[in-house]
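The values are calculated or read from the model by the stated rules, or taken from the named source; none is laboratory data. Remember, it's a predicted structure, so these values are computed and weren't measured experimentally. Heads up, the Cβs are rebuilt from the backbone with ideal geometry, glycines too, and the neighbour counts pull from every protein chain shown. We work out accessible area using only protein heavy atoms, side chains counted, and drop any ligands, DNA or RNA first. Shrake-Rupley method; radii C 1.70, N 1.55, O 1.52, S 1.80 Å.
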2 protein chains.
Amino acid sequence: MGSWEEFYATHLPPADFEDNRQLLKQFCENHLKDQSQNIVLVTSGGTIAPLEHNTVRFVDNFSAGSRGSASAEYFLERGYAVIFMFRTKSLEPFTRHFSGQQFLDMLDIIENGENSSISVKPDSVDVLFPILQKYKQAQETNRLLYVNFTSVSDYLWLLRAACECLAPFEKRALLYLAAAVSDFYVPEEDMPKHKIQSTGAPKISLDLVPKILKPLVSSWVPQAFVISFKLETDDSLLIQKSREALIKYNHKLVIANILHTRRYRVVMVSPTTEQEIVLSKEQVHSGLEIEEPIVNEIVKRHEQFQKPDQ
Amino acid sequence: MGSWEEFYATHLPPADFEDNRQLLKQFCENHLKDQSQNIVLVTSGGTIAPLEHNTVRFVDNFSAGSRGSASAEYFLERGYAVIFMFRTKSLEPFTRHFSGQQFLDMLDIIENGENSSISVKPDSVDVLFPILQKYKQAQETNRLLYVNFTSVSDYLWLLRAACECLAPFEKRALLYLAAAVSDFYVPEEDMPKHKIQSTGAPKISLDLVPKILKPLVSSWVPQAFVISFKLETDDSLLIQKSREALIKYNHKLVIANILHTRRYRVVMVSPTTEQEIVLSKEQVHSGLEIEEPIVNEIVKRHEQFQKPDQ
């Protein structure tokens, strides 16, 4: 594994990097003035690791962006300014509630010759109204910024830029790193220029992506409340690996979850405690999302963390 | 590379396979009665090849589904019944015109206490109206069926099931295979049960996916008009590889395109001809999509092909 300095030195920033950096800067400067304004960076969705320079094929990480997009909505409800840093085409706050043709199916055409118009079906209004209201509120108070990435290299560039803007918030900054970042990538020098031909079965050599949490916690945002996620498929490794991460990176919290139960069970692992959040079957059926109690618990801990005696 | 028989024998059908097979059957039986009804199977989006049994990581193919979703709309306009077989979360006909928050931004809240309602903004009506109208028409005439897949194995199972239902249409069936199907996959027996641990840099051994076009053309839908796509990044290989495919699989047409120019240039390669379709800069700026002339040309060739003297 190369160092993180080496990674930045050998990977160019994405094409829209300067635009996004400006957006991040303006958004943060805007909210920094209000001393009571907390801010959270929510990262969401998977990253890709291209296998070819002209990217046709890539290794992807499973992540629809459900956790991140839902959490962003609850942080907005709790008054946070939210930087939503997401994988292109993964789920986004508010629109996540509607997929496929659902939007078009909520609309009716009212035929009236040249004055034909479109209306929202009465029973769809009930569903749409509370979501639209929260969306408009976030827009009007300018508390939601979207920035997006695709590759692991895009992600690392954006993350560092976001940290630069978040550092002045000191303890008011929360980092909620829910994106599923590739552990592996194909080093530039090993990458073929063109599409791999399907004449033989290829072997792909992958390199480890540098562990960015290290410089992030120790140097970039040393005063912030940093939360990482640990997703495993094997329950027996989960808590042990979460503890190892806390020791290694020295951040505040790991939210640990198992792929197949992640919608109704997480364990919040801090250096000294473990707290399980579990939804009952009734809660799941009633439409409660686990991100609501997760965010509520985090907001509580973030408040505690900001008290002067801490 | 194993044979296609071996692939089906060693890969289970996806969980929703029987449901989708029933949908395909009903849709086709419904349209088979009308002797003048043409039908097209449009496949769209990329497939994934999982690297682990509990899929966290997978190799993906680049494809947003732009070509397939746009083409499906134009086939509907030309009177075809359309089976739209697409990668979950890739672009879909009609909704493809709106991304991110665009839908929510088209709506206004009309505050009126308990009778608050939602309206479509006047300038959004102009954009939305023609799209909504075509969507409703496709729905009302029952000419659009959606079935979706994620992995290459899902895709192969669905494709064969669709072909079984399409075969009775004989020459009236068109197959427009625009999906970007993985050439490679990790054989079941080489797949680790749990998430690959990031302690070392792994090597992944990939196997070749069997070339399904062979049995499809020769046995499954021997009378249909079958069109495949060839996407390359290297122009010098494009026509040669398209010709090789036509000789190997004995189908009617390859639509050849280069990754970076695919939005305004394709070459239609038949066993005896090559026809370029190119959009001018003016056409691109005016909003013309290349899928419109592509579909028009194909409909012409499909009509020709169906004439009794052919």
## Note on the structure
Out of (1) at pLDDT 95 or above; (2) of a type outside the set (D, E, K, R); (3) surrounded by 15 or more Cβ atoms within 10 Å (Cβ to Cβ), the one B:Gly79 does not meet is (3)
#### Entry: segment B:136-187, subset over 14 Å from the mean Cα position of the chain (by Cα) and of a type in the set (Asp, Glu), residue nearest to A:Asp108 (Cα to Cα)
B:Glu140
### Task
Determine the pairs where a residue that is touching a residue at least 12 places away in the same chain (Cβ under 8 Å), located within segment A:135-148, has a partner that is open to solvent by 40 Å² or more (accessible area, probe 1.4 Å) with Cβ atoms under 6 Å apart, the partner being 6 or more residues away or on another chain.
A:Asn148/A:Thr88
### Task
Report, by residue number, each residue of segment A:13-28 that is open to solvent by 90 Å² or more (accessible area, probe 1.4 Å) and touching a residue at least 40 places away in the same chain (Cβ under 8 Å).
A:Lys25
### Query
Among B:Leu288, B:Leu253, which is the only one that is open to solvent by less than 70 Å² (accessible area, probe 1.4 Å) and in contact with a strand residue (DSSP E or B) (Cβ under 8 Å, 6 or more places away or on another chain)?
B:Leu253
### Query
Any residue in segment B:215-226 that is of a type outside the set (Val, Ile, Thr) and more than 26 Å from B:Arg172 (Cα to Cα)?
no
### Summary
Pairs returned, first residue in segment B:118-133 that is small (Gly, Ala, Ser), second residue that is surrounded by 14 or more Cβ atoms within 10 Å (Cβ to Cβ), beta-carbon separation under 6 angstrom, 6 or more apart or interchain, are B:Ser119/B:Asp108; B:Ser124/B:Met106
### Query
Any idea how many residues of segment B:256-285 are within 18 Å of B:Arg301 (Cα to Cα) and either in contact with a Ser or Thr (Cβ under 8 Å, 6 or more places away or on another chain) or open to solvent by less than 50 Å² (accessible area, probe 1.4 Å) (or both)?
7
### Query
Out of the residues in segment A:73-101 that are under 19 Å from A:Asn20 (Cα atoms) and touching a residue at least 60 places away in the same chain (Cβ under 8 Å), which is farthest from the other protein chains (Cβ to nearest Cβ)?
A:Ala81
### Summary
Scanning segment A:139-155 for residues that are surrounded by fewer than 24 Cβ atoms within 10 Å (Cβ to Cβ) and either under 22 Å from A:Asn250 (Cβ atoms) or among the β-branched types (Val, Ile, Thr) (or both), the one nearest to the other protein chains (Cβ to nearest Cβ) turns out to be A:Thr150
### Task
Report, by residue number, each residue of segment B:77-99 that is under 14 Å from the mean Cα position of the chain (by Cα) and not in a strand (DSSP E or B).
B:Thr88, B:Lys89, B:Ser90, B:Leu91, B:Glu92, B:Pro93, B:Arg96
### Task
Take B:Glu232 and decide whether it is buried (at least 18 other Cβ atoms within 10 Å of the Cβ), farther than 19 Å from B:Val42 by Cα and modelled with pLDDT of 85 or more.
yes
### Residues being of a type outside the set (Gly, Ala, Ser) and more than 9 Å from chain B (Cβ to nearest Cβ) - total across segment A:109-136
11
#### Entry: Top-ranked residue of segment B:62-72 - restricted to ones that are among the small types (Gly, Ala, Ser) and open to solvent by 10 Å² or more (accessible area, probe 1.4 Å), ranked as farthest from the other protein chains (Cβ to nearest Cβ)
B:Ser66
## Note on the structure
Of (1) within 14 Å of chain B (Cβ to nearest Cβ); (2) within 15 Å of A:Leu159 (Cβ to Cβ); (3) surrounded by fewer than 22 Cβ atoms within 10 Å (Cβ to Cβ), A:Gly45 satisfies every one except (3)
### Query
Out of the residues in segment B:100-128 that are touching a helix residue (DSSP H, G or I) at 6+ places or on another chain (Cβ under 9 Å) and part of a loop (DSSP other than H, G, I, E, B), which is surrounded by the fewest Cβ atoms within 10 Å (Cβ to Cβ)?
B:Ser116
